[in-house]
Amino acid sequence: MPELPEVEALADHLRRHAVGTTIGRIDVSALSVLKTFDPPITALHGQTVTGATRWGKYLGLHAGELYLIAHLSRAGWLRWSDKLTAVPLKPGKGPIALRVHLGTPGDAAGFDLTEAGTQKRLAVWVVTDPMDVPQIASLGPDALSLTAEGLADILAGTTARLKNVITDQRMIAGIGNAYSDEILHVAKLSPFAGAKTLSGGQLAALYEAMQSVLTDAVQRSVGQQAATLKGEKRSGLRVHARTGMPCPVCGDLVREVSFADKSFQYCPTCQTGGKVLADRRLSRLLK
């Protein structure tokens, strides 16, 4: 799933390549992606793009008085092309859900919003105010704008596990499964630690890790072509999706906890005092 660094890089790409262009046409091949109907998506035709923005993991294109907002979810992506074909998309065919022509179709750059797999969760809204998207209106503070005091307040107000708190978009916006694994590894904290039980030193370590991991990922991602962002993300990961490989810090094997539809990774030596987390939904530290 694209997280804060990748979505920020996609927004940066759109600022550099789409701002100043005119939306010639938008083709929709998967009507299920549209979560709004008024204004219609055709209201964007002929509008000049004036900006691109990120809210947590939501990506927005500003054109005229309207915003085209997308949440790429787990398997969605933005695919840029310097020259799109003018041939309209065929409904229900292939991974492309929506295509934006920037200029005259057939002689224009633009982008596709695509989604792989069978679980279709890609979502698109056309609104006059981003806060009209309920999920954006409910976002917590952005992870990169959060202060140390703000993080402490959030953790003090919940009994949830640390991994769940920092990936809950209503509490902190922008962090998903991959970067939460990386942040907790750098901070040397267990994913199952109680959020409100952290010491002052652990709170400081978590905040510093959050800022350093995300800032580094943004710096590596911004300026990349959209097509190379996924590879760039993978190359920078130290524990996430590295089950069975040696931890780059201590050499212990990276372990995994699996759930029905996802998994996370951690290093026992660095994060849990050498204890291995039981690999089941309601895992507890093995005794």
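The values are calculated or read from the model by the stated rules, or taken from the named source; none is laboratory data. If you're wondering where the values come from, they're calculated on a predicted model, not measured in any experiment. Cβ sites come from the backbone with ideal geometry, for glycine too, and all protein chains shown count toward neighbours. Keep in mind that these areas ignore ligands, DNA and RNA; they rest on the heavy atoms of the full protein, side chains included. Shrake-Rupley method; radii C 1.70, N 1.55, O 1.52, S 1.80 Å.
Give me the residue from region 95-114 that is in a loop (DSSP other than H, G, I, E, B) and surrounded by 12 or more Cβ atoms within 10 Å (Cβ to Cβ) and, out of that set, nearest to the chain's Cα centre (by Cα). If we take residues in region 95-114 being in a loop (DSSP other than H, G, I, E, B) and surrounded by 12 or more Cβ atoms within 10 Å (Cβ to Cβ), then Pro95 is nearest to the chain's Cα centre (by Cα). Only one entry in Lys196, Lys230, Lys262 is over 30 Å from Arg15 (Cα atoms), of a type in the set (Lys, Arg) and within 19 Å of the chain's Cα centre (by Cα), namely Lys262. If you filter region 231-276 down to residues that are under 23 Å from Ser221 (Cβ atoms), of a type in the set (D, E, K, R) and open to solvent by less than 50 Å² (accessible area, probe 1.4 Å), you find that the one that is modelled with the highest pLDDT is Lys233.
Could you check, for region 121-132, whether at least one of its residues is part of a helix (DSSP H, G or I) and polar (S, T, N, Q)? Within region 121-132, not a single residue is part of a helix (DSSP H, G or I) and polar (S, T, N, Q).
Selection of region 214-230 for residues being touching a Lys or Arg at 6+ places or on another chain (Cβ under 9 Å) and either surrounded by 14 or more Cβ atoms within 10 Å (Cβ to Cβ) or without any contact (Cβ under 8 Å) to a residue 12 or more places away in the chain (or both) yields Ala217, Arg220, Ser221, Ala226. Please go through region 176-213 and pick out each residue that is open to solvent by 10 Å² or more (accessible area, probe 1.4 Å), touching a residue at least 40 places away in the same chain (Cβ under 8 Å) and over 20 Å from Leu144 (Cβ atoms). Within region 176-213, Lys188, Ser190, Phe192, Lys196, Leu198 qualify.
Of the residues making up region 160-168, one or more are out of contact with any helix residue (DSSP H, G or I) (no Cβ under 7 Å at 6 or more places or on another chain), in a helix (DSSP H, G or I) and either in the same structural domain as Phe264 (by the TED database) or in contact (Cβ under 8 Å) with a residue 60 or more places away in the chain (or both). Scan region 194-201 and tell me whether some residue there is at pLDDT 95 or above and either within 19 Å of Glu232 (Cβ to Cβ) or basic (Lys, Arg) (or both). Scanning region 194-201 turns up no residue that is at pLDDT 95 or above and either within 19 Å of Glu232 (Cβ to Cβ) or basic (Lys, Arg) (or both).
Residues that are acidic (Asp, Glu) and either open to solvent by 10 Å² or more (accessible area, probe 1.4 Å) or not in a helix (DSSP H, G or I) (or both) were ranked within region 1-46; the one that is nearest to Thr215 (Cα to Cα) is Glu8.
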